[in-house]
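Notes follow once the structure below has been shown.
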Amino acid sequence: PGSRLTPTGAGQDVGRSCILVSVAGKNVMLDCGMHMGFNDDRRFPDFSYITQNGRLTDFLDCVIISHFHLDHCGALPYFSEMVGYDGPIYMTPPTQAICPILLEDYRKIAVDKKGEANFFTSQMIKDCMKKVVAVHLHQTVQVDDELEIKAYYAGHVLGAAMFQIKVGSESVVYTGDYNMTPDRHLGAAWIDRCRPNLLITESTYATTIRDSKRCRERDFLKKVHETVERGGKVLIPVFALGRAQELCILLETFWERMNLKAPIYFSTGLTEKANHYYKLFITWTNQKIRKTFVQRNMFEFKHIKAFDRAFADNPGPMVVFATPGMLHAGQSLQIFRKWAGNEKNMVIMPGYCVQGTVGHKILSGQRKLEMEGRQVLEVKMQVEYMSFSAHADAKGIMQLIGQAEPEHVLLVHGEAKKMEFLKQKIEQEFRVNCYMPANGETVTLPTSPSIPVGISLGLLKREMAQGMLPDAKRPRLLQGTLIMKDSNFRLVSSEQALKELGLAEHQLRFTCRVHLHDARKEQETVMRVYSHLKSILKDHCVQHLPDGSVTVESILIQAAAHSEDPGTKVLLVSWTYQDEELGSYLTSLLKKGLPQAPS
Amino acid sequence: MDPECSRLLPALCAVLADPRQPMTDDTCLEKLLDWFKTVTETESSLLLLQENPCLVELLSQALKFQDVSSRILSFSLRLAGIFAAQENCFQFLQQGELLLGLFGEAGPLGLPAWNVPSVRSGWIQGLCSLAKHPSAEQFLVDCGAVDTIFSLQEDSSLFVASAASQLLVQVLSLSIQGRATPQLGSSDGDWPSCAQSIVGYLEESLRSGATPQITQALKVLTTTFGRCHHSWTEALWMRLSPLVTCLLEKDTVPTAHSLADLFLSMARSPTFGSSDCDLWVTLAQTLSCLSPTQAGPLALGILKLHVCPQALKTQAFDVLLQPLACVLEAAAQVPGSSGLPDGTGSNPTMADALLASTSSCAALLCQSLAHLGELQALPHSPRPWPQVLLLEATMMTLRFCSGSAVPISSVGGRLCGILASCIRVQRAALDFLGMLSQGTGPQESVTQVFAILLEYLRSPESSPTVLKKAFQATLRWLLSMSKACGSNNPDPHTQPFLRELFPVMQKRLCNPCWEVRDSALEFLTHLTTHWGGQPDFREALLASDVPELTQQLLQDPEAYVRASAVTAMGQLASQGLHATPSGPEHPGAKQKSLPQELLHILSLDSEGFPRRAVMQVFTQWLQDGHPAMAEDLEQFMARVFQVVSRDLDWEVRVQGLELARVFLAQTLGPPDCPYAVALPAATPPTSPAEVLRTLGRVQLLEFAFRALFDCDRPVAQKSCDLLLLLRARTAPGGGLQGAECNPEAVTVEAALRAWQAGEQGQPLGELVPEVVVAILRALDLEGLQATLAESSDHVEQSPRSLLQDMLAAVGALGGHEADCY
């Protein structure tokens, strides 16, 4: 028994999450993310450390995906259709619905810009999604006879969940990415006091107390509004789903309130489907959205229209959401090239960009960009970066640990230095061990499993009859027979056990021979023993039986002549296990010899 | 090295060496190393360092350990290794004692940074790059690196330990192969001192009794025998074999997996596999002393060997068959009558393992079924292959899982309880059952196979993943049956099976799970492709509601299903099997033909999959000369090209261009081939002018010219290829005269230039052939093709861009830290 954990991604980094955990012999992979900074196999976690354990489907009992971001699910089709995992994959229904859209979107971008090697196909994404089993919030799903999982609300993005993995009495909770403060669309993460043996928590903002997301949203609206007011165009490069919808709602509400007329466009054909999912999974959004849904559906946009390529040349202000999010191919890059030369325009990057993209270049302040054929594009438009990522900050992480009350904590998905600080804080405040393994490092946690045992009413009544009421502060010894049957443990009286199991009772007697120097006849020796014991054991019933033996409770003492030495008598002492203590005491007493008889 | 990169390098090195400059992106350092690796593959490292002294300064800076971050230290170690891989550069770095400082005992070993796995990993990778020449071996010995490599074998990081094990093999091989006379004996004196210390370490580890140490030593040996096939490996084995084989004598073998890997690696090596050594005896001994689960992979490995004694193969095959023998035994009325080959009778250990719990039973059966499946696919699968018994055992397993078996023995009863509804075993068994279709079986078995497949396809208990496997297995059996009987002789099993299959399919097409509906449609497409022309199949299909249901699924809420329905309908229509929604039973249905309905999907479906599927169907129909397309083809094509050119999904546009290519090829007719035998042509060859007029009428030219400047590169590339083909056939050097000075041509060229600049502009309108020819000649299609062959981000991904980005990031990163989604 015990848990073992090895991150192959997200160990002291914020890259591609992929954590292998073994709980009481069951192997589970937590998330299967990709790193968008590489174009080769380095984008995927190194699965060779799993495949060396034999066939993947035999080794892994299941894969769990916490949410739809690609750094948590991007390697899934590769893992299931190219590396060869053929077992079950668990995720929440919104993740199940949205995940293929993002995978497909990313695949399209990868193929579109070309030069990507070893990438999965559309058919592979579909085949992978067919292996998914949906897990609803707070529903316990039995993976097999021993392994069960349960999902809790994590905030962060639509459908994000924390997962409890339980095998027998051992359990591990994996938070994925979560947010402890509700935002405009989503509620706060919540978990019950499940007291897991291990809590694996993300630690992106391990040392940060973040300003509220509302401030960032206000700032965003202000910037967009100012640009539009002065007749400029705003480009917001996004990935098809996720942040795009959040920002759409934000702008839609703002446009409505301010009665703005500048058009807002969304460049991909995916809006409809994305919005459909936000509507379908309305129960996963926050209370406010759910309440107002009856009067007005937030996802039915009045101001946001589908984009046509011809619109980019239209005069006057406009806001355009275009994919891909890092300006590395396709529509968003084309619009950027058109608008970059005009200082009235603005590009807002609502997420991070990896090196090797135009997005990365402009965010690092480069304003003269080399284009194909040694052409130079001068960027005069304003460039803004806004992080809308919704992770728990240091306070939130501590709050979650307080809620779940784990025995051990393990930090992933963060930077080493920040983790180190949080680790100390957690250890001080909660007096639990906190770990922060790097990728490839294994943490082993021995656990002392607590096994629930049922007690029979008869046995309890007998204890009660002895007069003492149960007291939680004063544990006391209770004797009974433990019956283990069909993974159930019950403590019953020995009589009941015999009856239930159909067994006959056997008596177990201990015997011992004690040699006494006594030349007298056996009967006389016995008499002397009787008198000696009678004088010492005043509280016990000492009897001299007609057959010449002496009894003290269940202890039987008989005397016999020594076969070789007539001056020695052999005392045969025997007793039952109930009188073991008394039996041992008597034997030692007799071994000391008898008092001299009065002559 | 690109002079521009060389110019940027000093500034970058200064930034990297400056501990106050934050570097947040590790990928940049990785990419920088990739670049240096590429550069040193073609250029002299020594020259590189001499021309760029900043690089040596950067490495020297790394020696001031307290000032350097762990990531820069790790980077420097790896970089130094890359340079020192060339012997003259190694000597150069040695003169400055740089290498000793970085990799020696005075290096990072004793520092706090050594606790960071990436530093240890960098140290190993640096040495891995460096250990390529004889000077390196002496260096490793002198600087005490070998002892550090030993200690890293048990590193807390799997990545570090694994890399350290690879490095140890490399050093061992370098040490021995660098020697003049590689004749090695059992005495220590025969071995070079470095190799001797490695062998001594391995001996000590194997003797230690500690599982992690033994495992690591076995891994080193496995890699050694896998990589090095020289005679010295035999001498190495002679020294170590007593220590290794005595591991097998323990009651439970703690390192079974690693031992099996080692023996298999040896068996695959030409040094051991062909020689007359005790390896086969050891393998046989290992097979018999491992637990059933541990023995499986070893048995499979043995059966995959090209050279191996038959007796050992038989023993290995028995191991794989045993779980299934147990299943047969459990189902048999008379104990011991499993019918499997002699010696394959179920053994008590196996039975115990199977009956212990659902997990162990499922694990064993799944492993055995998967291994047997792998064997079945091999060209040299074991002979005799007990096809009938394997069929029976697999079907029995499936019956145990579904609860349809009637067990007579108590073991059978227990197995029934353990396997009831076990999806994992159901999937594995159906996979294997499908694979067994490759072999032949008696009529009776085949009938039973179809019965059990039908049972699973019909059962409401079958999960979507099980159903998918059942569909796949059914398809494989149907294919194999038709292959066995030949296309003209209908197989006796198929007809009755099909009659029962289609009502089941009807149900599955209405299943609430999209996964099931989709798998059923994919299955239907395959069936129709293979048997659409057979009267039996047509009769059974048309007698069912499957075609109508498929058509209804064109409106499915799930895009994947809609796309599969489009493909299935396309295939049904190709074979004349689709339903026509007319008559009193469809009063509300508009009398829309299938092509019109698909065109409607192409125009209005909000998702790419169905639209892409429609384009594939149209292309297929056009290629096959489907009657639906022949009817007013030009008008239909014009409509399709008009719709597809506006599609937001670039893959749909690419499909559109593929359709255009087929149309163009058909319009042009076969190319003139000087070697072709002149055949009487069915249609007279069309003149280039006529071709161009046709293409203009169907809007193909407008679509292709517009696509040439599409922002999505594959679209532009496809269009470029298409126009090159068109130019070659209609406007070669001579032929049709262009109209370069024609004012219309000037207007069109202006429009194209505007498109190229990313503007949309007005449609081109009707183009006269002469203008088209002029444009085709004026366009630099070859140049465009070369540009489009590169990735759209090749400029951003270039080394120069990398260096610029790293430098630019320095000032910018303070504001916003590394973020994530």
By residue number, the members of segment A:338-354 that are modelled with pLDDT under 90 and either over 14 Å from A:Leu327 (Cβ atoms) or surrounded by fewer than 20 Cβ atoms within 10 Å (Cβ to Cβ) (or both) are A:Val354
Answer with yes or no whether A:Leu457 is out of contact with any Gly (no Cβ under 9 Å at 6 or more places or on another chain) and not assigned by the TED database to the domain that holds A:Asp579.
yes
Selected residue (criterion: nearest to the other protein chains (Cβ to nearest Cβ)) from residues of segment B:505-520 that are buried (at least 18 other Cβ atoms within 10 Å of the Cβ) and closer than 24 Å to B:Asp491 by Cβ
B:Ser519
Residue that is farthest from the other protein chains (Cβ to nearest Cβ) [pool: residues in segment B:772-790 that are in a loop (DSSP other than H, G, I, E, B) and free of Cβ contacts under 8 Å to residues at least 60 places away in the same chain]:
B:Asp780
Listed by range, strands (runs of 3 or more DSSP E) wholly within segment A:56-146 having at least 1 residues that are buried (at least 22 other Cβ atoms within 10 Å of the Cβ), within 11 Å of chain B (Cβ to nearest Cβ) and on the phi > 0 side of the Ramachandran plot are none
Based on what the data block shows, is A:Gly159 more than 11 Å from chain B (Cβ to nearest Cβ) and out of contact with any Asp or Glu (no Cβ under 8 Å at 6 or more places or on another chain)?
yes
Suppose the filter is farther than 30 Å from B:Phe523 by Cα, in a helix (DSSP H, G or I) and not assigned by the TED database to the domain that holds A:Ala240; does A:Asp46 pass it?
no
I'd like to know if segment B:743-755 contains one or more residues that are outside any helix (DSSP H, G or I), modelled with pLDDT of 70 or more and not β-branched (Val, Ile, Thr).
no
Here are some residues: B:Gln438, B:Gln387. Which one is under 31 Å from the mean Cα position of the chain (by Cα) and more than 19 Å from B:Ala470 (Cβ to Cβ)?
B:Gln387
Contact list please: Cβ distance under 8 Å, first residue in segment A:364-378 and more than 7 Å from chain B (Cβ to nearest Cβ) and modelled with pLDDT of 90 or more, second residue surrounded by 14 or more Cβ atoms within 10 Å (Cβ to Cβ) and part of a helix (DSSP H, G or I), pairs at least six apart or on different chains.
A:Leu369/A:Val358; A:Leu369/A:Lys361; A:Leu369/A:Ile362; A:Leu377/A:Arg337
Can you go through A:Ala244, A:Ala206 and tell me which one is within 21 Å of the chain's Cα centre (by Cα), modelled with pLDDT under 90, within 13 Å of another protein chain (Cβ to nearest Cβ) and crowded, with 19+ Cβ neighbours inside 10 Å?
A:Ala206
Name the pairs: first residue in segment A:496-521 and touching a residue at least 60 places away in the same chain (Cβ under 8 Å), second residue among the charged types (D, E, K, R) and outside any loop (DSSP other than H, G, I, E, B), Cβ to Cβ under 6 Å, at least 6 apart or on different chains?
A:Val514/A:Lys591; A:Leu516/A:Lys569; A:Asp518/A:Lys569
Output for segment B:396-445, where each listed residue is assigned to a loop (DSSP other than H, G, I, E, B), surrounded by 21 or more Cβ atoms within 10 Å (Cβ to Cβ) and within 14 Å of chain A (Cβ to nearest Cβ)
B:Cys422
Unmet criterion (only one of (1) at pLDDT below 95; (2) acidic (Asp, Glu); (3) in contact with an Asp or Glu (Cβ under 8 Å, 6 or more places away or on another chain)) for A:Asp127:
(1)
Can you tell me which residue among B:Gly576, B:Gly570, B:Gly532 is loosely packed, with under 15 Cβ neighbours inside 10 Å and more than 14 Å from chain A (Cβ to nearest Cβ)?
B:Gly576
For segment B:93-132, name all the residues that are touching a residue at least 24 places away in the same chain (Cβ under 8 Å), charged (D, E, K, R) and either more than 17 Å from B:Leu152 (Cα to Cα) or assigned to a helix (DSSP H, G or I) (or both).
B:Arg120, B:Lys132
Within segment A:328-350, restricting to residues that are farther than 23 Å from A:Lys114 by Cα and either within 9 Å of another protein chain (Cβ to nearest Cβ) or of a type in the set (S, T, N, Q) (or both), the one that is nearest to the chain's Cα centre (by Cα) is A:Asn345
Test set (1) among the small types (Gly, Ala, Ser); (2) closer than 30 Å to B:Gly533 by Cβ; (3) surrounded by fewer than 21 Cβ atoms within 10 Å (Cβ to Cβ) - B:Ala470 fails condition number:
(3)
Test: A:Asp177 is at pLDDT 80 or above, surrounded by 21 or more Cβ atoms within 10 Å (Cβ to Cβ) and either assigned by the TED database to the domain that holds A:Gly155 or in contact with a strand residue (DSSP E or B) (Cβ under 9 Å, 6 or more places away or on another chain) (or both)
yes
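The values are calculated or read from the model by the stated rules, or taken from the named source; none is laboratory data. Please read all numbers here as calculations on a predicted model, not as lab measurements. FYI the Cβ positions are ideal-geometry reconstructions off the backbone, even for glycines, and counts take in every protein chain you see.
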